[in-house]
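Down below is the structure, laid out as structure tokens.
The values are calculated or read from the model by the stated rules, or taken from the named source; none is laboratory data. These numbers were taken from a predicted model, which means no experiment stands behind them. In this analysis, Cβ positions are derived from the backbone assuming ideal geometry, glycine residues included, and neighbour counts consider all displayed protein chains. We work out accessible area using only protein heavy atoms, side chains counted, and drop any ligands, DNA or RNA first. Shrake-Rupley method; radii C 1.70, N 1.55, O 1.52, S 1.80 Å.
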Amino acid sequence: MTEGSAPLTDLHPRDLPQRRLLRTAVPGPRSTALHDRRRTAVAAGVSSTLPVYVERAGGGVVVDVDGNSFIDLGSGIAVTSVGSAAPAVVRAVSAQVEDFTHTCFMITPYEEYVQVCEALARLTPGDHEKRSILVNSGAEAVENAVKIARRATGRPAVVVLDHAYHGRTNLTMAMTAKAMPYKTGFGPFAGEVYRVPGSYPLREPVPLSGAEAAARTTATIEKQVGADQVAALVVEPIQGEGGFVVPAPGFLPALADWCTRQGVLLVADEVQTGFARTGAMFACDHEGVVPDLVTLAKGIAGGLPLAAVTGRAAIMDAVHPGGLGGTFGGNPLACAAALATFAMIAEHDLTGAARRIEAVAMPRLRDLARRAPQVAEVRGRGAMLALELVRPGTLEPDAAETARVARECAQQGVLVLTCGTYGNVVRLLPPLVIEHDLLREALDVLDTVLTGVASTSSPT
Ligand code: PLZ
């Protein structure tokens, strides 16, 4: 399944021009017609950020049914890090689909599942012995991490942080912080989930070091839950949906130390941050943190649905045979895609590519922040970057301005996403294979939209 050393030209679908091009208004007539049709068939609860209907996507662009070509700064929410329809992924999946599409690993297993688990043991933080289970979505990975942690520790409680996002299933809704749109009206929620403060440097009433913020977190757990009741502390090393919140340095290591002392399992939810996105293979690697369990999804398989829990062998193997599973978990097409994705990350140095994206974008965003008074902070790592928007001169979140920025960028052919507990964060998650000229062009558009002034130069 591993590709030989692929040429650099193999990064994008060959016949898909890497350019921004607007042929119609956004959305165009074909997208508008599809959107009308959709309303009569698709549940209203599923919404779309930008109702342009996609015909093709790859490299750094998404092309819609009206022929508009958008610069993609979203990667389908941090999924297509190797690009959509990455040639190596297409080849691997095409070969696999000819062999077999499904047998169910719980019925008659296959080598690709084992290969993915071997690779995850090698790639994830720490050189201890590890085991993995493959599932279908980030939420399912988090669910399984909690099952495993409870079974291994014999303890009931799960602790999560303010601003956390862990999914939309019943248990993971309880673990997710934000009520609207994720939880409102969907209760009652799973029990034994406790929320405590984390580290959100911009919004601390008093500046706190990472160690001080961690002391607040662990003191709250000790007081309100009791450390000996806690199976797992589940933490996103950089919070995703909650606002691309990078904790103060030292926060994660201090939590890891406390967990070790208390026999609490540290679960790193690397669903959004994983697989080279932040300029390291995993965000925990930036601070040398070695979690007991890691949840993985999104960027793992070049766009195919796959997720995993990887963790210490003794903890993972505490679960009785038959205790974990699912019909589709570790689907062979998704496994083939994952193996091709891992090979692409290594062969094309995509962790380095994420750092190079940061090197291009960060100075531009910092310069922009000096000129755009609504930008309170620029933050993030690698190709996971964000601007938090406020009413100028205050820290009051400005969700309306954030929505305007995303809408106007789209109208100018640049796809950016928003996030944040307060809906006031513009986030940038380009595919790691995006060409730098295309990235610079997208940043020019973002600059114009935020400042109202046409930007011409790229100070890089
Ligand atoms: N953990 C850290 O970021 C998914 C959610 C989009 P699934 N984030 C995008 C939406 O509105 O549904 C996510 C995450 C972290 C878990 C998940 C859940 O992953 O694959 O969406 O279930």
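The one condition from (1) among the β-branched types (Val, Ile, Thr); (2) open to solvent by less than 10 Å² (accessible area, probe 1.4 Å); (3) closer than 12 Å to residue 447 by Cβ that residue 375 does not meet is (2). Within region 98-106, can one find any residue that is crowded, with 23+ Cβ neighbours inside 10 Å and at pLDDT 95 or above? No, every residue in region 98-106 fails to be crowded, with 23+ Cβ neighbours inside 10 Å and at pLDDT 95 or above. Every condition in (1) part of a loop (DSSP other than H, G, I, E, B); (2) buried (at least 24 other Cβ atoms within 10 Å of the Cβ); (3) in contact (Cβ under 8 Å) with a residue 60 or more places away in the chain holds for residue 267 except the one numbered (1).
Can you pull out every residue in region 380-397 that is surrounded by fewer than 21 Cβ atoms within 10 Å (Cβ to Cβ) and at negative phi?
Of the residues in region 380-397, the ones surrounded by fewer than 21 Cβ atoms within 10 Å (Cβ to Cβ) are 390-396.
Correct list: 390, 391, 392, 394, 395, 396.
The single residue among 428, 443, 432 that is of a type outside the set (Ser, Thr, Tyr) and in contact with a strand residue (DSSP E or B) (Cβ under 7 Å, 6 or more places away or on another chain) turns out to be 428. Of the residues that sit in region 276-288 and are open to solvent by less than 10 Å² (accessible area, probe 1.4 Å) and in a loop (DSSP other than H, G, I, E, B), which one is farthest from the ligand (Cβ to nearest atom)? Within region 276-288, the match that is farthest from the ligand (Cβ to nearest atom) is 279. I need the full set of residues from region 224-252 which are more than 10 Å from the ligand (Cβ to nearest atom), buried (at least 24 other Cβ atoms within 10 Å of the Cβ) and farther than 24 Å from residue 417 by Cα, in order please. Within region 224-252, 230, 231, 232, 233, 251, 252 qualify. Check whether at least one residue in region 29-37 is in a loop (DSSP other than H, G, I, E, B) and either open to solvent by 80 Å² or more (accessible area, probe 1.4 Å) or modelled with pLDDT of 95 or more (or both), and report yes or no. So far as region 29-37 goes, no, none of its residues is in a loop (DSSP other than H, G, I, E, B) and either open to solvent by 80 Å² or more (accessible area, probe 1.4 Å) or modelled with pLDDT of 95 or more (or both). Scanning region 140-174 for residues that are open to solvent by 20 Å² or more (accessible area, probe 1.4 Å), touching a residue at least 40 places away in the same chain (Cβ under 8 Å) and near the ligand (Cβ under 7 Å from one of its atoms) returns 140, 165. Scanning region 424-443 turns up one or more residues that are surrounded by fewer than 21 Cβ atoms within 10 Å (Cβ to Cβ) and touching a Ser or Thr at 6+ places or on another chain (Cβ under 6 Å).
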